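One structure is given here, and the rest of the page talks about it.
The values are calculated or read from the model by the stated rules, or taken from the named source; none is laboratory data. Note that the structure is a prediction, hence the values are computed from the model and not measured. In this analysis, Cβ positions are derived from the backbone assuming ideal geometry, glycine residues included, and neighbour counts consider all displayed protein chains.
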Amino acid sequence: MTTPGEIKEMIEKAVPKATAYVSDPNNDGEHFEAIVVSPVFEGMLLVKQHQMVLNALRDKFAGAVHALRLKTFTPMKWNEIKNQFSV
Amino acid sequence: MKGTADAPMCGFSAQVVNILKSYNVPFAARNILEDPELRQGIKDFTNWPTIPQVFINGEFIGGCDVTVELHENGELKKLLSAVK
């Protein structure tokens, strides 16, 4: 079964200087949630940010992982709003 | 999407349909569960590994989370204003 740790590692390997906070809220190994923070997102279209993260998990989506609920932030934006999240 | 606009088969597809319906714009849905070729083909075409996928006037917009965020920040309204 896929673990949040595995997803975190794959994202952080694919997205430069990323920090990923990954959880498996239903504990099913299929529906994950992630917040990904990286300076490379600065000035990048939202769809491109998500594309970069999702494609890091392409092999997982071809298998048992069904979905990743995703939010992406630049470090500056993340510092402003991180108090709203329980990570 | 997974399922049809009237009977979505996945929560993410349902969420996208609900957002689009709230704008009263015409839209069409394709059910990838009934078309394995489309299911893989659309992922290759957009370089996007998950379903649903949203297109406005032929342009790829994103998946569920991108659509939700554009809905919340007002961008989606602008994009859809070009749809007749």
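Of note:
- Given (1) more than 24 Å from residue A:53 (Cβ to Cβ); (2) assigned to a helix (DSSP H, G or I); (3) among the basic types (Lys, Arg), number of the condition residue B:43 does not satisfy: (1)
- Every condition in (1) surrounded by 19 or more Cβ atoms within 10 Å (Cβ to Cβ); (2) within 13 Å of the chain's Cα centre (by Cα); (3) under 25 Å from residue B:42 (Cβ atoms) is met by residue A:33 except one, and the failing one is (1).
- Residue match in the stretch B:6-13 (condition: within 12 Å of another protein chain (Cβ to nearest Cβ), surrounded by fewer than 17 Cβ atoms within 10 Å (Cβ to Cβ), in a helix (DSSP H, G or I) and within 13 Å of the chain's Cα centre (by Cα)): yes
- Residue satisfying condition, being of a type in the set (A, V, I, L, M, F, W, C), part of a loop (DSSP other than H, G, I, E, B) and at negative phi, within set B:66, B:83, B:17: B:83
- Subset of the stretch A:48-59 that is buried (at least 20 other Cβ atoms within 10 Å of the Cβ) and within 9 Å of another protein chain (Cβ to nearest Cβ) - its residue that is farthest from residue A:28 (Cα to Cα): A:49
- Within the stretch A:17-46, considering residues that are within 18 Å of residue B:53 (Cα to Cα) and touching a Leu at 6+ places or on another chain (Cβ under 9 Å), the one nearest to the other protein chains (Cβ to nearest Cβ): A:46
- Here the stretch A:36-62 is the region considered, the condition is being closer than 17 Å to residue B:48 by Cα and among the small types (Gly, Ala, Ser), and the residue that is modelled with the highest pLDDT is A:56.
- Failed item in (1) away from every other protein chain (no Cβ under 13 Å); (2) surrounded by fewer than 14 Cβ atoms within 10 Å (Cβ to Cβ), with residue B:72 passing the rest: (1)
- Residue list for the stretch B:26-62, restricted to those being within 20 Å of residue B:75 (Cβ to Cβ), away from chain A (no Cβ under 14 Å) and surrounded by 14 or more Cβ atoms within 10 Å (Cβ to Cβ): B:27
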